[in-house]
1. Kindly provide the set of residues from segment 77-90 that are within 10 Å of the ligand (Cβ to nearest atom) and among the hydrophobic types (A, V, I, L, M, F, W, C), ordered by number.
2. Every residue in segment 74-130 that is basic (Lys, Arg), open to solvent by 30 Å² or more (accessible area, probe 1.4 Å) and either assigned to a loop (DSSP other than H, G, I, E, B) or more than 27 Å from residue 193 (Cβ to Cβ) (or both), please.
3. Any idea which of 237, 249, 159 is open to solvent by 60 Å² or more (accessible area, probe 1.4 Å), acidic (Asp, Glu) and either outside any loop (DSSP other than H, G, I, E, B) or farther than 23 Å from residue 38 by Cβ (or both)?
4. Would you check which residues across segment 131-144 are exposed (fewer than 14 other Cβ atoms within 10 Å of the Cβ) and either in a loop (DSSP other than H, G, I, E, B) or within 14 Å of the chain's Cα centre (by Cα) (or both) and list them?
5. List every residue pair whose Cβ atoms lie under 8 Å apart, where the two residues are 6 or more positions apart in sequence or sit on different chains, the first residue falls within segment 65-90 and is on the phi > 0 side of the Ramachandran plot, and the second residue, located anywhere, is within 15 Å of the ligand (Cβ to nearest atom) and open to solvent by less than 10 Å² (accessible area, probe 1.4 Å).
6. Identify the residue in segment 45-64 that is without any contact (Cβ under 8 Å) to a residue 12 or more places away in the chain and of a type in the set (A, V, I, L, M, F, W, C) and, among all such residues, is nearest to residue 149 (Cα to Cα).
7. Would you be able to say whether some residue in segment 77-84 is small (Gly, Ala, Ser) and more than 30 Å from residue 243 (Cβ to Cβ)?
8. Please work out which one of (1) assigned to a helix (DSSP H, G or I); (2) of a type outside the set (Asp, Glu); (3) in contact (Cβ under 8 Å) with a residue 12 or more places away in the chain; (4) more than 9 Å from the ligand (Cβ to nearest atom) is the condition residue 27 fails and give its number.
Amino acid sequence: MTKAPDTSRDHLSEDELLALLDPELLPRHIAIIMDGNGRWAELRRLPRIAGHAEGIKSVREIITLCRDLDIGALTIYAFSQENWKRPANEINALMLLLENYLQTEMNELTRKGARFRAIGRVDTLPSGALSWVRRVERETAHLDKLMLNVALSYGGRSEIVDAVRRLAEDVQAGRVQSESIDEAFLEGYLSTHGLPDPDLLIRTSGETRISNFLLWQLAYTEMFFTPTLWPDFRRREALLALLDYQKRERRFGQVPDAASQGGR
Ligand code: FPP
């Protein structure tokens, strides 16, 4: 049964929502499946790409919010491996949008102290988009206020396969002893290595699937699903998601008391 939407905070302004947040209980890492761009456009009888373009405005607002709230990491699903099966004109338009975004946004990301990193089988992107990806990665490599991971040509299973393959090479070359492999060690081979696992996953547009996103990293993540379409998911919606997250009791498989000592 679907849960009835919580309307108790509908009358509150963004500032009032912000004031309700407990700064001690903010997620350190947020992951987002940005879904519903196509439906947003179709509802307005616009081409699907108009929905993606509008979705970029939401990306901007959420990056700014994370920066304002000192949330150290944001990982967004911009293009999955499965998305290559979309019509060529949509893929081309999305790649152009990505390229334009990176060109126009590089200075803004730098101003915000955001380090950009692409995760996924990024080398499969068209050369124009790929060279901007690499350029923005280089230019923002020294920044550390916000780690912005953008998943491009990404699949969670292939991320694990790629990690295991590199690990196997290291074992074969004698650089790693198989006995020293544990969860933390394998984590070091993933594209998000060094970051805390996401505390909160947000998926927009009413779908309640993980869709091959961050399969390893989401093991204990709190999930927030909203019917709001991604282009409509702005600062206010994100504040509501954070307030909902702060109501959760995180146990990491333990009983309540032990969990409160071992993390949130
Ligand atoms: C899913 O909506 C969204 C995508 C496949 C692309 C997301 C891309 C952006 C928000 C813009 C590019 C991002 C960056 C960082 C430049 P959908 O098309 O599947 O929507 P639908 O389910 O309504 O059809």
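1. 78, 79
2. Selection gives 85, 86, 121.
3. 249
4. 141, 142, 144
5. Close Cβ pairs satisfying both conditions: none exist.
6. 50
7. no
8. Going through the list (1) assigned to a helix (DSSP H, G or I); (2) of a type outside the set (Asp, Glu); (3) in contact (Cβ under 8 Å) with a residue 12 or more places away in the chain; (4) more than 9 Å from the ligand (Cβ to nearest atom), residue 27 breaks only (1).
The values are calculated or read from the model by the stated rules, or taken from the named source; none is laboratory data. Keep in mind that this is a model prediction, so the values were computed, not measured. In this analysis, Cβ positions are derived from the backbone assuming ideal geometry, glycine residues included, and neighbour counts consider all displayed protein chains. Surface accessibility is based on the protein's heavy atoms, side chains included, excluding ligands, DNA and RNA. Shrake-Rupley method; radii C 1.70, N 1.55, O 1.52, S 1.80 Å.
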